[in-house]
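Notes to accompany the following structure.
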Amino acid sequence: MTTPVTVPQTALDQRFSDPAAAATSWEATRHALETAELFWISTVRADGRPHVTPLVAVWDDGALYFCTGGAEQKALNLAANPHVVLTTGCNGWEGGLDVMVEGEAVRVTDDGTLGRLARAWAAKWDGRWHFEVRDGAFHPPGGENPALVFAVAPAKVLAFTKGTFTHTRHRF
């Protein structure tokens, strides 16, 4: 995986923003990615139908990482089409920040990187998500069913601030 650009070009889309709105900063957007507990991933099935499902993810070193069982629908979809959108935010209208990350999901198999990510998962959720690393995958403690790990280096991140409405694009 290539090293991602860490500071994107940020622009406010005036068409979808309040007249006096300012762009959401990359720092605020990145903070939302770092602290979100739940994301929704959108993939595409082989027949072209969309597939959306919730999952947990970790923002680390300029990329969003997630894992899935090899037989799960999202893993099957990614084998044919790596393009994804990961979304996080809140369901309120009067406030909050919704963030969408667009990119390609690339499988991570390096045990050193996976070890760092397993520690990040455990730290983010106070140990509730714990994985052992072996054979290029995450394994639940004592479990035999591996979880494949994917990295999404963002091509584009959209941030939607609600209340004072903004539509911000961060391009990498």
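In the range 26-41, what residues are of a type in the set (Ser, Thr, Tyr) and closer than 22 Å to TRP129 by Cβ? Before you say what the answer is, go through the steps one by one.
Let us first name the residues in the range 26-41 that are of a type in the set (Ser, Thr, Tyr), namely 29, 35.
Matches in the range 26-41: THR35 only.
Can you report the number of residues in the range 32-49 which are in contact with a Leu (Cβ under 9 Å, 6 or more places away or on another chain) and at pLDDT 95 or above?
So the answer is 9.
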Could you tell me whether the range 108-116 includes any residue that is assigned to a helix (DSSP H, G or I) and aliphatic (A, V, I, L, M)? yes
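Restricting the search to the range 80-94, which residues are closer than 12 Å to ALA105 by Cβ and either modelled with pLDDT under 95 or surrounded by 12 or more Cβ atoms within 10 Å (Cβ to Cβ) (or both)? Break it down stepwise before answering.
Within the range 80-94, the first condition is being closer than 12 Å to ALA105 by Cβ, and the residues that meet it are 80-86.
Result: ASN81, PRO82, HIS83, VAL84, VAL85, LEU86.
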Under 8 Å by Cβ, and 6 or more places apart or on different chains, what pairs join a residue from the range 134-145 that is in contact (Cβ under 8 Å) with a residue 40 or more places away in the chain and on the phi < 0 side of the Ramachandran plot with one that is part of a loop (DSSP other than H, G, I, E, B) and of a type in the set (Asp, Glu)? none
From (1) in contact with a His (Cβ under 9 Å, 6 or more places away or on another chain); (2) surrounded by 12 or more Cβ atoms within 10 Å (Cβ to Cβ), pick out the condition that doesn't hold for PRO141. (2)
Can you work out which of the residues in the range 142-172 that are within 19 Å of LEU55 (Cα to Cα) and assigned to a loop (DSSP other than H, G, I, E, B) is modelled with the highest pLDDT? PRO146
Hey, any hits in the range 105-117 for a residue that's under 15 Å from THR43 (Cα atoms), touching a Ser or Thr at 6+ places or on another chain (Cβ under 9 Å) and at pLDDT 95 or above? yes
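Take ALA105 and decide whether it is in contact (Cβ under 8 Å) with a residue 40 or more places away in the chain, in contact with a helix residue (DSSP H, G or I) (Cβ under 8 Å, 6 or more places away or on another chain) and not polar (S, T, N, Q). I'd like the intermediate steps shown before the answer.
Values: in contact (Cβ under 8 Å) with a residue 40 or more places away in the chain: yes; in contact with a helix residue (DSSP H, G or I) (Cβ under 8 Å, 6 or more places away or on another chain): yes; not polar (S, T, N, Q): yes.
In short, yes.
Being farther than 15 Å from ALA57 by Cβ and loosely packed, with under 15 Cβ neighbours inside 10 Å is the filter; apply it to the range 120-135 and report the residue that is modelled with the lowest pLDDT. Write out each step before concluding.
Taking the range 120-135 as the starting set, the residues that turn out to be farther than 15 Å from ALA57 by Cβ are 126-127, 130, 132-135.
Retained after the next criterion (residues that are loosely packed, with under 15 Cβ neighbours inside 10 Å): 126-127, 130, 134-135.
On the way: ASP126: 84, GLY127: 79, HIS130: 91, ARG134: 94, ASP135: 94.
Taking the candidates together, the pick is GLY127.
The values are calculated or read from the model by the stated rules, or taken from the named source; none is laboratory data. It should be emphasised that the depicted structure is a prediction, and the values quoted were computed from it without experimental measurement. We place every Cβ from the backbone using ideal geometry, glycine too, and count neighbours over all the protein chains shown.
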